[in-house]
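One structure is given below, encoded as structure tokens.
The values are calculated or read from the model by the stated rules, or taken from the named source; none is laboratory data. All values derive from a computational prediction rather than experimental measurement. Methodologically, a virtual Cβ is constructed for each residue, glycine included, from the backbone with ideal geometry; neighbour enumeration extends over all protein chains shown.
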Amino acid sequence: MGIEPGDSVLSAPLLEAVGLCKRFPLRRSALDWARGRTAPLLRAVDGVSLTVHRGETLGIVGESGCGKSTLARCLVRLHEPDAGAIRLDGQDVLTLTGPAMRAYNRRVQMVFQDPYGSLNPRLRIGDALAEALIVHRVVERSAVPGRVQALLDLVHLPQDAGGRYPHEFSGGQRQRVGIARALAVEPAVIIADEPVSALDVSVQAQIVNLLLELQDRLGLALLFITHDLRLVRHIAHRTAVMYLGKIVEIGPTEALFATPRHPYTRALIEAVPQIAPGARHREAAVRGELPSATAPPPGCPFHPRCPIAEPLCGVVSPALVPRDIGEARIWPTACHLAGMPAG
């Protein structure tokens, strides 16, 4: 499955985000207008830093509304970040324009959750793939038909698929088309935003296995966004856990699942349904409601729901840094009490 988890620290990152922020202004209420208040801001992404290495799968998990999809759209510049930096092979992406920006768009591609919504219903599949090849000048025009057929083969679609329209395919087949279109421009990074959540369980496995096959075959870096912890445990070398626009823990997947350091990570893992015979349901470890992203709590954003919170947690925001445990150094965790048991 590409690199081993420990290998990523030995090489320079391919894609890097540093302190990335994205806020969306909301409509002002009548009371806000009357009192002259500015429009409230939704802090969708709030100071996120991460790296993705060649051949690596980085999983991003968290509850709905935690900012995962907004982060993905910032990385492909469908949203322009308000602060922070994005680097590809060390180059500052946010300063790129014109041909340099198009070159970045080629190297970092996105696969969307809704394959039908991301395809033009009036274009045959072959024409949609050809359009990407022509616009980005991937091959000479004379070579386009052959490349289209090669892309269909790559994602295991029949040869006659190029002459059909999106509505003639199943959901899983349309997602294969979406993957083929992303691969058409020969990217180095694929950002997959909940790519299987709209599919049947049996089809989900096929699409995930296809992505892993393509990653191994093409040497792709894969940033995989999902709310399914069982899935990310199966495919990711490292996993980042997001809460209220921030990454609260990021580390090697197997180690993180075996000994989660952040209380929120523990809560997510404990909430995963158990299918083993005799396994008993455990009560959710998270209490209360998710705070508003327009008015996040002071200090640690998780402290109002945390079972081990102390007064410090409501005042000082913990940094996402590795924690020293004896002679060992544990992966970055944004928690003053990292590793302490609940209750």
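Considering the range 1-20 alone, what residues qualify as being at pLDDT 95 or above and more than 19 Å from Leu211 (Cα to Cα)?
Residues satisfying the conditions are Glu16, Ala17, Val18, Gly19, Leu20.
Output the residues belonging to the range 255-297 that are hydrophobic (A, V, I, L, M, F, W, C) and at pLDDT 90 or above.
Ala255, Leu256, Phe257, Ala258, Ala267, Leu268, Ile269
Would you pick out the residues in the range 44-84 that are of a type in the set (A, V, I, L, M) and surrounded by 21 or more Cβ atoms within 10 Å (Cβ to Cβ)?
Ala44, Val45, Val48, Leu50, Val52, Leu58, Ile60, Val61, Leu71, Ala72, Leu75
Of all the residues that make up the range 136-170, how many are under 24 Å from Asn209 (Cβ atoms) and not in a helix (DSSP H, G or I)?
Qualifying residue count, the range 136-170: 7.
Scanning for something within 18 Å of the chain's Cα centre (by Cα) and part of a helix (DSSP H, G or I), does the range 215-225 turn up at least one residue?
Taking every residue of the range 215-225 in turn, at least one turns out to be within 18 Å of the chain's Cα centre (by Cα) and part of a helix (DSSP H, G or I).
May I ask you to list pairs of residues, at least six apart or on different chains, whose Cβ atoms are under 6 Å apart, with the first in the range 315-329 being β-branched (Val, Ile, Thr) and the second being modelled with pLDDT of 70 or more?
Val315/Gly299; Val316/Gly299; Val321/Pro332
All but one of (1) over 20 Å from Gly245 (Cβ atoms); (2) without any contact (Cβ under 8 Å) to a residue 60 or more places away in the chain; (3) buried (at least 17 other Cβ atoms within 10 Å of the Cβ) hold for Val111; which doesn't?
(2)
Tell me which strands (runs of 3 or more DSSP E) are completely within the range 21-135 and hold 1 or more residues being at pLDDT 95 or above and more than 25 Å from Arg147 (Cα to Cα), or say none if there are none.
41-52, 57-61, 83-88
Which residue is surrounded by the most Cβ atoms within 10 Å (Cβ to Cβ), if the candidates are limited to the range 226-244 and must be part of a helix (DSSP H, G or I) and charged (D, E, K, R)?
Arg233
Considering every residue within the range 136-146, establish whether at least one is of a type in the set (D, E, K, R), on the phi > 0 side of the Ramachandran plot and touching a Leu at 6+ places or on another chain (Cβ under 8 Å).
no
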